[in-house]
Amino acid sequence: MSKQNKALIEEYRSRGYKDDMLPKPSEKRTWNTFNYFTLWQGSVHNIPSYIAVGGFLTLGLSSFGLITAIILSSLVIAAAMVLNGFAGSKYGIPFAMLLRGSYGVKGALLPGTLRGGIASIMWFGIMNTAGTGAMLILISKFWPSFLNIGGGDTILGLGIPAMIAFLIFWAVNMVIAFYGGDVLNKFTAILNPLIWLVFGGLAIWAVYQAGISNILTYAPEQVQTDGGSFFKFFIVMNSLVAVWACPAVGNCDFTQYAKSNKAQAKGQTLGFVVAYTLFAMTSVMILAGASIHYGVDTWNVLDIVNNFDGWFVPTFASIVILMTTISTNATANIIPAGYQVVALFPKLTYRKGVMIAGVVSVIICPWKLMESQDSLFMFLNLIGAMLGPVLGVMLAHYFVILKGNVNLETLYTKPGQYNYFKNGYNTLAFGVTIVAAVAAIIGEFITVLKPLSQVSWFTGVLLAFCLYAYLTKRKIARDPSYMQIDDTDDESPEPITAK
């Protein structure tokens, strides 16, 4: 790392920024292609994803059509993750700081809180709730009477055994999150081959029990007949992509450690395509095959695992499912939430931010949201509608307005310095975000516009990207001084250059 860059980091540190928020020096930017390839593997194979696929089957798509939709979704997800991770891998900066460029130093706190403080914390709670079922299976195999603790009494609507399992699983997730990316990299490297073993094995079992031809022509007992298959194809893609609305917006929290743009771009693209291709085939085979075998629609992979005789297969499979859920929770939820808490309260450390986010995730009683598929789909669409526009604005600002060149002085400002956007808020970005978000959810209230809401993520991203790029370029043409930082009194070193 050059003396100039070291001096600039020290300058930013003197302004009150903690190390977690500072640009990462070269010695900390060590993640290679393989690290990014394994990073999201476990996040694809999780319990809510399998439940979602069960819901997709009821839309009326063929098994082959559903597999195709899932694989195509992986390309969209990879593109969103890679593109919004460019600034992180180029400058070594986290999401909370990059967001300042498009929304303003003070304005970034609102969308940042939406992503890291609300959506991530809610998702963290949901994934912990999903993992609770696997914990119960695991514990009951060795301690059957555990399920009878409390005699049917509940705590906040959750049975006492389930609450104990929830808190144990929550604690394991918190420990992984405390140690951040280094431990997570080792964890995902171990998890990756186990995923192929367990879910590949379940798929083989399903094909053996039901037959591949029956699986490919399988239709659930209750199938929706309204709407065309082509549009339902995009509904499936929207729901899958919306799952990644949070990680896509805040991917710089992980790409800030990349050796290069090429490493994160190649690793994430290959990782998502490979993981989702496996997921597409195994999820449909497992759920459809099990439903045919048992004679009843079965959408929860935990129910399938629990029906196996003996203790080894249910135990081993439950452990791997728990590990995939932990991987999802750490990468997509609790780590970004910890960073966002630090962005809101700069005097806190990352670990304190993780602890605060974790406690809040319990207080909101996330198991209530998992009580029905309808509530889960509604949550996914709402998250996609809110965060899609934020992603659209960020991409337009970085690639169209800044042309991939960020002046870090506009991000790491001195206390009370808001000379990039008026009073620290980019009102244009907020206006575009609101318009795009309304367009994405308006179909929930106006029937004729329902298709817009059914593909809420696409609606929000595309509309926000186009509007922000057009209106900002138009504003700059009218006022060339717009977005130019006034640094006449700033004697700090020049910004860190791209790696």
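The values are calculated or read from the model by the stated rules, or taken from the named source; none is laboratory data. For clarity, every value in this text was computed on a predicted model and none was experimentally measured. As a convention, Cβ positions derive from the backbone with ideal geometry for all residues, glycine included, and neighbour counts pool all protein chains shown. All accessible areas refer to the heavy atoms of the entire protein, side chains included, with ligands and DNA or RNA removed. Shrake-Rupley method; radii C 1.70, N 1.55, O 1.52, S 1.80 Å.
Numbers at a glance
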quantity	calculated
Residue within the range 60-67 that is within 26 Å of the chain's Cα centre (by Cα), farther than 27 Å from ARG351 by Cα and either polar (S, T, N, Q) or at pLDDT below 80 (or both) present	yes
Evaluation of ILE215 against (1) modelled with pLDDT of 85 or more; (2) within 26 Å of the chain's Cα centre (by Cα) (one fails), failing number	(2)
Selection within the range 411-435 - under 27 Å from the mean Cα position of the chain (by Cα) and over 16 Å from PRO389 (Cα atoms)	LEU411, TYR412, TYR425
TYR418, sole failed condition from (1) touching a helix residue (DSSP H, G or I) at 6+ places or on another chain (Cβ under 6 Å); (2) open to solvent by 60 Å² or more (accessible area, probe 1.4 Å); (3) more than 20 Å from VAL105 (Cα to Cα)	(3)
Matching residues, the range 186-200, being of a type in the set (Val, Ile, Thr) and either open to solvent by 20 Å² or more (accessible area, probe 1.4 Å) or not in a helix (DSSP H, G or I) (or both)	ILE190
Single residue of the range 168-185 satisfying the filter (open to solvent by less than 40 Å² (accessible area, probe 1.4 Å) and at pLDDT below 85) that is farthest from THR33 (Cα to Cα)	GLY180
Failed item, numbered, when LEU136 is tested on (1) more than 24 Å from MET355 (Cβ to Cβ); (2) in contact with a Lys or Arg (Cβ under 8 Å, 6 or more places away or on another chain)	(2)
Extreme residue, farthest from the chain's Cα centre (by Cα), among residues of the range 121-164 that are of a type outside the set (A, V, I, L, M, F, W, C) and closer than 14 Å to LEU369 by Cβ	GLY157
Residue match in the range 73-94 (condition: farther than 24 Å from TYR468 by Cβ and in a helix (DSSP H, G or I))	yes
Failed condition for GLY392, given (1) small (Gly, Ala, Ser); (2) modelled with pLDDT under 95; (3) under 20 Å from the mean Cα position of the chain (by Cα)	(2)
Any hit, the range 418-436, residues being assigned to a helix (DSSP H, G or I) and over 28 Å from GLY101 (Cβ atoms)	no
Top-ranked residue in the range 68-78 [being among the aliphatic types (A, V, I, L, M) and over 14 Å from the mean Cα position of the chain (by Cα); ranked as farthest from ILE292 (Cα to Cα)]	LEU75
Residue in the range 384-399 that is assigned to a loop (DSSP other than H, G, I, E, B), of a type outside the set (A, V, I, L, M, F, W, C) and touching a residue at least 60 places away in the same chain (Cβ under 8 Å) present	no
